[in-house]
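Before any comments, here is the structure.
The values are calculated or read from the model by the stated rules, or taken from the named source; none is laboratory data. Remember, it's a predicted structure, so these values are computed and weren't measured experimentally. Quick reminder, even Gly has a Cβ in these numbers, built from the backbone with ideal geometry, and neighbours come from all protein chains shown. Quick note on the areas: whole protein, heavy atoms, side chains included, nothing else; ligands and nucleic acids left out. Shrake-Rupley method; radii C 1.70, N 1.55, O 1.52, S 1.80 Å.
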Amino acid sequence: THFGFQDVEEGEKAKKVHEVFANVAGRYDLMNDAMSMGIHRVWKNYFVHRLNPQPNWKHLDVAGGTGDIAFRVLRKMQAVKGSTGHVTVLDINQNMLDVGQARATQDATLSQERLSWVCGDAESLPFDDQSFDAYTIAFGIRNCTHVDKVVAEAYRVLKKGGRFFCLEFSQVKNPLLRMVYDQYSFQVIPVLGHVLAGDWHSYQYLVESIRRFPRQDEFRDMISTAGFQGSAYENLTFGTCAVHCGFKR
Ligand code: SAM
């Protein structure tokens, strides 16, 4: 379900992404575990560790889905006594947000009043300029139609000194590893999609959309072009995923 659609017409893509996430919302967390063999949890933990959330931040998690990143960020904030930080989860799909909100209310370790849930578009954020200390987007930017608009909006809503952090599938460089990864992606993921979610084609798109997303260095340059300073990336698991970051001066 960490998928996207890069190979359909622009308007079509947004509609299709919407339909798919509305359909899979209930099985989303299960599918992530099955397809990544649980590794997505390790990547997300590392991502939030690298971000190093500060206790009093106003944090925005875009394409936040069922809350995986937001919960991790909030837990880090709550670990500091007297912290006042707040996390806003934004997603274009209300079904995903509903599942996230239900998860949050069942988790007694999370301060519900320090979480907000907003239905909206990453390409046109419903927030004022310079509203947040940090912005995250995990496995979401690939699903958006205009990646440059998403990054420009991140820049707009961040305060000066604010951090941009993105976790996304990326390109495996080593030819041997890429072969193994391709075999897994093309042979195993659609089958899992078929068996667990009754949906072969969506999971085939997943694999294809990963191949179409800009390479690590191209995406880093897009972040710089949007105005961010110090844009850089770090590969995870041989480039299966990458963490990109930058800050607003
Ligand atoms: N960040 C979560 C995670 O890591 O588990 C969810 C990632 S999920 C693969 C992608 C999410 O992006 C979906 O919840 C989908 O609804 C959302 N999304 C797709 N296009 C979007 C857009 N234009 N604006 C905001 N969210 C979007």
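Descriptive notes on the structure:
- Calculated mean residue ellipticity, 222 nm, the chain: -14000 deg cm²/dmol, from DSSP H runs (n ≥ 4) at -39500 (n - 2.57) each, averaged per residue and rounded to 500.
- Here the range 129-210 has an Rg and Dmax of 16.8, 47 Å, counting Cα atoms alone.
- Heavy atoms of the protein chains alone define the surface here; on that basis the range 126-230 has 46 Å² accessible area per residue at 1.4 Å probe size.
- Candidates TRP43, TRP200, TRP57, ranked by Gaussian network fluctuation over the chain, Cα under 10 Å, top entry: TRP200
- Residues whose amide H falls under 5 Å from that of ALA134, counting only those 5 or more places apart or on a different chain, are LYS58, LEU60, ARG163, with hydrogens built in the peptide plane.
- Using only side-chain charges placed at the Cβ, +1 for Lys and Arg and -1 for Asp and Glu, the dipole size of the range 120-215 relative to its Cα centre rounds to 420 debye.
- Each listed q (0.18, 0.20, 0.22 Å⁻¹) maps to a log10 I(q)/I(0) for the range 88-159 from the Debye sum over equal C-alpha point scatterers, namely -0.76, -0.91, -1.04.
- Inter-label distance, nm, simple model (7 Å from Cα along the C-beta direction), ASN23/VAL118: 3.0 nm
- Averaging 1/r across all pairs of distinct Cα atoms in the range 46-113 and inverting the result yields a Kirkwood radius of 12.1 Å.
- Angle of helix 39-51 to the longest C-alpha principal axis of the chain, folded into 0 to 90 degrees and rounded to 10: 30°.
- Charge dipole of the range 67-176 (Cα centre as origin; +1 on each Lys and Arg Cβ, -1 on each Asp and Glu Cβ, all else neutral): 540 debye, rounded to the nearest 20.
- Integer Hz, Karplus 6.51/-1.76/1.60 couplings in order for the range 179-193, x for Gly and Pro: 5, 5, 5, 4, 4, 4, 4, 7, 8, 9, 4, x, 5, 4, x
- Measuring against 19 Å, Cα to Cα, the residue pairs LYS58/LYS248; LYS58/LYS159; LYS76/LYS149 contain LYS76/LYS149 as the ones spanning a longer distance.
- Projected-area mean, the range 108-249, by convex hull of Cα positions, square nanometres: 10.5 nm²
- One chain, two ends: ASN174 and ALA108. Fully extended at 0.36 nm per residue, the span grows by 19.4 nm beyond their Cα-Cα distance.
- Cα coordinate range in the chain, projected on the principal axes (Å, largest first): 49, 40, 34
- Lys, Arg +1 and Asp, Glu -1 on Cβ, resulting dipole of the chain about Cα centre, debye, nearest 20: 940 debye
- Rel. contact order, % - alpha carbon contacts under 8 angstrom, at least six apart, the chain: 22 percent
- Simple spin-label estimate for MET37 and GLU208 in nanometres, 7 Å along Cα-Cβ: 2.7 nm
- Overall form of the range 44-179 per C-alpha gyration tensor (a/c, 1.5; a/b vs b/c): rounded
- Cα-based helix-to-principal-axis angle, 68-78 vs the chain, degrees rounded to 10: 30 degrees
- Around the amide H of GLN171, modelled in the peptide plane, lie the amide H atoms of GLN216, all under 5 Å away and 5 or more residues distant in sequence or on another chain.
- Accessible area (Å², 1.4 Å probe, nearest 10) - ILE92: 80 Å²
- Dipole of the chain [Lys/Arg +1, Asp/Glu -1 at C-beta], most positive-end residue of LEU196, GLN229, ALA70: GLN229
- Along the axis of the charge dipole computed for the range 10-247 (Cβ charges of +1 for Lys and Arg, -1 for Asp and Glu, origin at the Cα centre), the listed residues PRO126, GLY85, PHE186 are led at the positive end by GLY85.
- Taken as Cα centroids, the range 179-249 and the range 98-124 sit 25 Å apart, rounded to the nearest whole angstrom.
- Note on the chain: GNM, Cα springs under 10 Å; of LEU167, LEU176, LEU206, the largest mean-square fluctuation is that of LEU176.
- Fully extended contour minus Cα-Cα distance, from LYS15 to HIS201, at 0.36 nm per residue: 65.4 nm
- Rounded to whole numbers, the Karplus 3J(HN,Hα) couplings from phi for the range 25-33 are 3, x, 9, 4, 5, 4, 5, 4, 5 Hz, using 6.51 cos²θ - 1.76 cosθ + 1.60 with θ = phi - 60°, and x at Gly and Pro.
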